[in-house]
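The values are calculated or read from the model by the stated rules, or taken from the named source; none is laboratory data. What you see is a predicted model, and the numbers here were worked out from it, not measured in a lab. Ideal geometry is used to build each Cβ from the backbone, glycine not excepted, and the neighbour counts take in all protein chains shown. Surface areas here come from the heavy atoms of the whole protein model, side chains and all, with no ligands, DNA or RNA. Shrake-Rupley method; radii C 1.70, N 1.55, O 1.52, S 1.80 Å.
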Amino acid sequence: MRAFWTTRGRLSPLPHKASSSSSSSSCVPRVPRLRRGAASGDAGGTASASASASKGKEQRRSAGELKKGSSPRQLIDLQPPRGTRDFFPEEMRLRNWLFDKFRHVSWVYGFEEVDFPVLESEQLYTRKAGEEITTQLYNFEDKGGRRVSLRPELTPSLSRLVLQKGKSLQLPTKWFAIGQCWRYERTTRGRRREHYQWNT
């Protein structure tokens, strides 16, 4: 049964009201409500899955490259360079004992100890022994373009100190030095590329 209302002498039907929520819901399909963060979670899961997939591809590619080429990490040789040696505590005790004997004898005879760089100008040795000596030197050019060498003996360095003092040095000069030297030559039994020298 419909109700009517009067407007300026006319009868017009009243607006139709929904009878109940059940009738309106039957006409409009219900959309399921998403939990907060569900949509963002799905997007994040998709992104993380794609990132994991790309990471897996990179790892497989890197593994393939390592199989084809050499390994970036190589084992370190724990042995000292050829012709040199290590000194463990028991060997250091023996070396120090011997060097102390060198010093004691030098002091008894009135010698004073001096020291100088292990790295000298290459010219210091070629001027004395000629260019052929370079085959027996650990020599190279430094970053400043200077030709230098590890000292093969102590005598040239000791002579350089005497010449450096010149006439101001009181004669006779009684100096001694104990130092480490290097010679790039064929190693034999009892003769290494690294050795020590007592020079007076």
Item to complete: Examine region 140-149 for a residue that is touching a residue at least 12 places away in the same chain (Cβ under 8 Å), among the acidic types (Asp, Glu) and touching a strand residue (DSSP E or B) at 6+ places or on another chain (Cβ under 8 Å), and state whether such a residue exists.
Response: no
Worksheet item: Is at least one residue of region 170-181 crowded, with 17+ Cβ neighbours inside 10 Å and touching a Pro at 6+ places or on another chain (Cβ under 7 Å)?
Response: yes
Fill in: Whichever residue in region 154-164 is open to solvent by 40 Å² or more (accessible area, probe 1.4 Å) and closer than 13 Å to Val114 by Cα and, among such residues, is farthest from the chain's Cα centre (by Cα)
Val162
Worksheet item: Do the conditions hold for Trp97, that is, is it open to solvent by 70 Å² or more (accessible area, probe 1.4 Å) and part of a helix (DSSP H, G or I)?
Response: yes
